[in-house]
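To keep things clear, I will list the structure first and then write my remarks on it.
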Amino acid sequence: MSFSQFALQLLTGLQIGAIYVLVALGLTLIFGTLGVANFAHGALYMIGAYFGLVVSSQLGWGWAALLVPLGLFGVGILFDRGLLQFFYKRPVTDQILVTFGLAIIIQELARTIFGGTTKPFPAPQWARIPVDIGFGYYPPWRLVIIAVTIIVVILLFILLRYTKFGLMVRAGMRDPEMVRYLGIDATRLFTIVVGLGAMFAGVAGIMGGPAYSIEPGSGMAMLVPSFLVVVIGGMGSLVGAVIAGLLMGLAVSFSVIFVPAVSQVIIYLVAVIVLIVRPRGLFGVEGIG
Amino acid sequence: MKKQSLFARDSIYMLIAAIVIFSLRWTLPLLGGYSELATRMLIFSILVLGFDILVGLTGYLSFGHAAFWGIGAYICGYILLHFTQNILVAMILGVLIVSIIAFLLGIITLRRHGIYFAILTLAFAEMFYYLALAPLQKWTGGDNGLTGIKTPQLFGLELSGLAMYIFVGIWTLIALYTARRIKNSPYGLMLRAIKSNEERLTFTGINVFRYKVMAFLISGIFAGLAGTLFAAYETYVPTESLHWTLSGEIVIMSVIGGFGTLIGPMMGAAIVLYLENVLSAITDQWNLILGVIFMSFVIFLPGGVMSLSKQLRRLFSRDQVPANRTESQGGD
């Protein structure tokens, strides 16, 4: 394998991983603060993708880039107020069941509205034709995905590390009970966290849509590997989600070259191995789950 | 005396179950179904029975039971297709291999609970699905599934139509009897203790892990048995047998029926298959309707159909009995 081949494969791995990271960050944020296992997170990804498809074809990509994250933030708020808040204190099993039910409903609604077939979702004109990046030709859209993900991760890091809001979220992730005792409006905090999680899923959707394709099953197809990323990284660990996501992306992209037979199952193999060796995940805290 | 009355109650229970099971083929057409649907319902009821032993009793929610069903179906189908038409040979081998896999998966996945367990079981099932789709294509037929399976035979008797129905019915009765015996035994009590407080059970010096693996194994065997029957009945194994949607459907059936009641999930399976049959004739959106029904159950009636009478009684009686949600609660 030549250097350029290796570098291109590395980029592809990062791109695949980037989408996982975005979806997994939302999942782990919601789990870490609210303690809710959101099986409907893949559905949020899918909403982002379909919403992006509609807006970009009607109003153009500029509007799509603006409206999809904002819209999904709103969807997240609605999701929390309308459903999740009643399940904070219910057993994990009930949370899984109710969000799983919602995921099915959203998936079937998408099938009703957009049809069951795969929809082509063209990337913006300028991002379609592969460009020379020094060691080979590469589709710009995939570079956009990597770049946007890096920006989102940095922004999230700044938000959590240097703002009062971030301090409260981190406190909430460590001890949600205590946050309430300190007189912080935990309800609003949690709602915003769900909104953020949904927004990340939406960003992942609008970027992942053109890179892969969309159909009603896309959400669930994205949910399973993303959840594995969260579990491998350690439930509730943001750093873990980022690193495990990239790891998974690279595992997928390199297995296609070296062991194509297992490329479809590589993420499950990696997950199984990590969890046997280290059941709490790479960055997980002992005792959670 | 007490033992005798228990035995009598057991006999009546099984007698009623037998009557329902063996009359379904003729009662169903009166309700707008078709007679072959009865066989399907019975096969799925075996599947959810096993699922209930795991989830209903121990509270461990598995999202990967499609794996056991699918592997059982594929192995049974493969044997019927290539080696012998003897259904018992195909079923025994299928269930045997499924139980080995269930045992191994149990050991790996049961080290975690709650959400971890759900995700791990889901991941394993997805792994088998993708394995069947591409790397094992040569044996599984890839996208097309296993087609062209010949009608299985039982000692020279062709099993199709009514004969198959009776064969499946007998297995359903055996499954129900076994599940009921497990549930009502001290062993079942132990499993239920895992659900109510696993930690406390551990502190009493009991090897909880062993019980959990056994519950997982038993439920895997039920699912595998149902899978082998499905392959024999359909004479076809679709790829969807391993897909997560099937695992989800099992969960939906059990929730609608009511976890932990055995009869409930069986009813849930019948209800879902009946609705699927009736609604899909009227509308394309029956999956959407099913999703809405499922969610309404999770939110408003977590105990499923089986808790309906209890809920109604509570509604109409003066004394306020506190809501009993334990039926739906699980391992966290």
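Of note:
- Number of partner chain Cβ atoms within 10 Å, mean per residue of B:108-117: 6
- Note on B:283-289: average number of Cβ atoms from other chains within 10 Å of each residue's Cβ is 4.
- Residue with peak Gaussian network fluctuation, chain B [Cα springs, cutoff 10 Å], from B:SER254, B:SER11, B:SER23: B:SER11
- The shape of the protein assembly as shown can be summarised by an equivalent ellipsoid whose semi-axes, obtained from the alpha carbon gyration tensor, come to 41, 30, 23 Å from longest to shortest.
- In terms of overall dimensions, the C-alpha atoms belonging to segment A:16-96 reach 43, 29, 16 Å along their principal axes, ordered largest to smallest.
- Listed by chain and number, the aspartates and glutamates whose alpha-carbon sits under 15 Å from that of B:LYS212, ignoring those within fewer than 8 places in the same chain, are B:ASP52, B:GLU198, B:GLU199, B:ASP332.
- Protection proxy ranking of A:14-20, B:217-223 - average other beta-carbon atoms within 10 Å, highest first: B:217-223, A:14-20
- For B:ILE299 and B:LEU315, the difference between the fully extended length at 0.36 nm per residue and the C-alpha to C-alpha distance is 4.1 nm.
- When the square roots of the Cα gyration tensor eigenvalues are ordered a ≥ b ≥ c, the ratio a/c for segment B:97-253 is 1.5 or more and a/b does not exceed b/c, which makes its shape oblate.
- A Stokes-Einstein calculation at 10 °C with viscosity 1.306 mPa s, built on the Kirkwood radius of segment B:103-150 over Cα pairs, returns a diffusion coefficient of 130 µm²/s.
- Look at the Cα gyration tensor of segment B:256-312: its axes a ≥ b ≥ c give a/c of at least 1.5 with a/b over b/c, and that counts as prolate.
- Along each principal axis, Cα extent of segment A:1-155, largest first, Å: 54, 34, 29
- Cβ-based net charge around A:THR28, under 15 Å, with every Lys or Arg adding one and every Asp or Glu removing one: +3
- Whole-Hz couplings from phi, Karplus 6.51/-1.76/1.60, listed for segment A:240-246; x for Gly and Pro: x, 4, 5, 5, 5, x, 5
- Positive-end ranking of A:ILE158, A:ALA123, A:GLN95 along the dipole of chain A, with charges on Cβ about the Cα centre, is headed by A:ILE158.
- Distant-in-sequence amide H partners of B:ASN86 (H built 1.01 Å from N, under 5 Å): B:GLN153
- Within 10 Å of the Cβ of each residue in B:118-131, the mean number of Cβ atoms contributed by other protein chains is 6.
- Between B:SER35 and B:GLN285, residue separation times 0.36 nm minus the direct Cα-Cα distance comes to 87.6 nm.
- Under 17 Å of direct C-alpha separation, and excluding same-chain neighbours fewer than eight residues apart, B:LYS150 reaches these aspartates and glutamates: B:GLU158, B:GLU234.
- The label point for B:THR84 and the one for A:PHE86, both projected 7 Å from the Cα toward the Cβ, are 5.5 nm apart.
- Shape class of segment B:8-73 from the alpha-carbon gyration tensor: oblate, with a/c at 1.5 or above and b/c at least as large as a/b.
- Positive minus negative residues near A:GLY233 (Lys, Arg vs Asp, Glu; Cβ under 12 Å): +2
- Computed from the Cβ-Cβ distance with R0 of 41 Å, the FRET efficiency linking A:ARG128 to A:ARG170 stands at 0.50.
- Taking amide H positions as modeled 1.01 Å from N, with prolines and chain starts lacking one, the residues under 5 Å from B:LEU146 and 5 or more places away or on another chain are B:VAL237.
- Entry for segment B:134-203 at q = 0.19, 0.23 Å⁻¹: log10 I(q)/I(0) = -0.83, -0.96, Debye formula applied to identical alpha-carbon scatterers, no solvent contribution.
- Computed extension gain for B:THR245 through B:ILE92, at 0.36 nm per residue and net of the alpha carbon distance, reaches 52.5 nm.
- For segment B:37-328, the extents of the C-alpha atoms along the principal axes are 62, 50, 35 Å, listed from largest to smallest.
- Take the Cα of B:ILE12, step 7 Å toward its Cβ, do the same at B:PHE103, and the gap between the two points is 4.1 nm.
- Summing charges over neighbours of B:LEU288, with a neighbour being any other residue whose Cβ is under 12 Å away from its Cβ, gives -1 when K and R count +1 and D and E count -1.
- Sites A:LEU59 and A:VAL239 - FRET efficiency at Förster radius 45 Å, r taken between beta-carbons, to 0.05: 0.75
Values in this text are rule-based calculations from the coordinates and carry no lab data. Keep in mind that this is a model prediction, so the values were computed, not measured. Glycine also receives a Cβ, built like all others from the backbone with ideal geometry; neighbour counts cover every protein chain displayed.
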